[in-house]
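The values are calculated or read from the model by the stated rules, or taken from the named source; none is laboratory data. Quick caveat, the model's predicted, so the values are computed rather than measured. All Cβ positions, even for glycine, are placed from backbone atoms using ideal geometry, and neighbour counts span all protein chains on display. For accessibility, only protein heavy atoms count, side chains too; no ligands or nucleic acids. Shrake-Rupley method; radii C 1.70, N 1.55, O 1.52, S 1.80 Å.
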Amino acid sequence: MNSHRSSAGSAGSAGSDAPATAERSRVPTKAWLQPALIGLAILAGFIGAYIGLQRNPQPHELPIAVTGEQLAHEVGDALGTSAHIVHTATPAAARQALESRDVVASLTQNPGAGALHLEVAGANGQSTTGIVTGLVRTYAQETDQRLTVDDVIPLVKYDARGLAGFYLSFGVTLAGFVLAQSVLGLRAVLPQRYRFVLITAFSAAAGILAAVLAGPALGAVPAPVIPLAITLALLAAAAAFTTQLFGIYMGPIGVPVATLLLLTLGNATSGAVIGANLLPGPAHFISPLLPPGAAVRAIGNLSYFQNTSMLMPMITLAIWAVGAALLVAARPKLSRTKATGRP
């Protein structure tokens, strides 16, 4: 009798485990494989972009203003493709090109004293300044000339390494990205117009807060507060609406794609950690076309190069912010049109 009950109990236990086993066997492979692959892709992208682009920076066509036709020809021959020599008639013209960010250094010569004088802008970053100084110093040694170096646009005291612009851009981009993720989760309960108001208001607040903190409060970014706040608000809006765009149109993989584009590729190629002129060709090309790269240039121009045009960076940021917002707004209409036209 006891044996019979034991057998019955075992059968009942086996029967109760069967549905759980069947349920586990019905879990699609995609449900666990896709998140793992996405995580690995983001990891590989982050390491490849940040470490890969910075492991061996090489100068290519670094723009250097050189006063005097003969000196310009000699320096151009010596430096080859490492530099792009811009011939200027006077030292004042070379200094103006440096202050306008058309070049990264200016070089003049005192023939009687057998000396060269190099002017650099520390605001261009340690990597760019160090490499251009090294190139000209090698030329001076080979031609047996004395070299003096003067930093005519130095970094401010609280940005000794020149990374404040990068951290500022990265922080604002990250804030916009995180907000967009949260808003994507609220699509079922928050109407579209409210989502737009939320993102717009947040972008404005983020721009003001970041500009005040980095500028007057911490003294690391010496840019005028109002233009800086507008720039950062556009960056936050570009990051938020672009993340929304990918999330809405691409579904589950949209946010990882935005992560790779904005937080990884965009910030790695921004030109703040390693100078834009030292990036490999493709990275150098896309750098000013992505929101972080445009923002870093705008921050640097506002802070140190007031004679430089702000038009292109602002246009880039506006295109990303407004273009992504319009495409997000068009999504419901496109869905209705597609559903109506379906047989």
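A few notes on this one:
- Each peptide in 46-59, 162-175 was scored by the mean count of other Cβ atoms within 10 Å over its residues; highest first, the order is 162-175, 46-59.
- Distance from the range 122-178 to the range 215-246 (C-alpha centre basis), Å: 22 Å
- Summing charges over neighbours of Leu116, with a neighbour being any other residue whose Cβ is under 13 Å away from its Cβ, gives -3 when K and R count +1 and D and E count -1.
- Fraction of accessible area attributable to carbon and sulfur, the range 99-236 (%, probe 1.4 Å): 63 percent
- About the Cα centre, charge dipole magnitude for the chain (Lys/Arg +1, Asp/Glu -1 at Cβ), debye: 2240 debye
- Note on the chain: Cα-only Rg and Dmax are 27.8, 118 Å.
- Whole-number accessible area per residue in Å² for the chain, which is evaluated in the context of all protein chains at 1.4 Å: 51 Å²
- Net charge of Cβ neighbours under 14 Å - reference Met310; Lys, Arg +1; Asp, Glu -1: +2
- For the range 112-210, the set of trypsin sites (Lys or Arg not before Pro) satisfying both a DSSP loop assignment and a count of at most 11 other C-beta atoms within 10 Å is given as Arg161.
- Estimated from helical segments only, the mean residue ellipticity of the chain at 222 nm is -20500 deg cm²/dmol, where each DSSP H run of four or more residues counts as -39500 (n - 2.57).
- Rounded to 5, percent antiparallel among DSSP beta bridges of the chain: 30 percent
- Modelled this way, with points 7 Å down the Cα-to-C-beta line, the labels at Ala44 and Arg146 are 5.6 nm from one another.
- Between 0 and 90°, nearest 10: helix 192-212 axis offset from the chain longest Cα axis: 40 degrees
- When you count the other C-beta atoms within 10 angstrom of each residue and take the mean per peptide, 226-238, 206-218 line up highest first as 226-238, 206-218.
- Among Leu62, Leu190, Leu245, the residue with the largest mean-square fluctuation in a Gaussian network model of the chain, with springs joining Cα atoms closer than 10 Å, is Leu190.
- Theoretical gain in end-to-end length, Ala217 to Ile286 [0.36 nm per residue, Cα-Cα removed]: 21.6 nm
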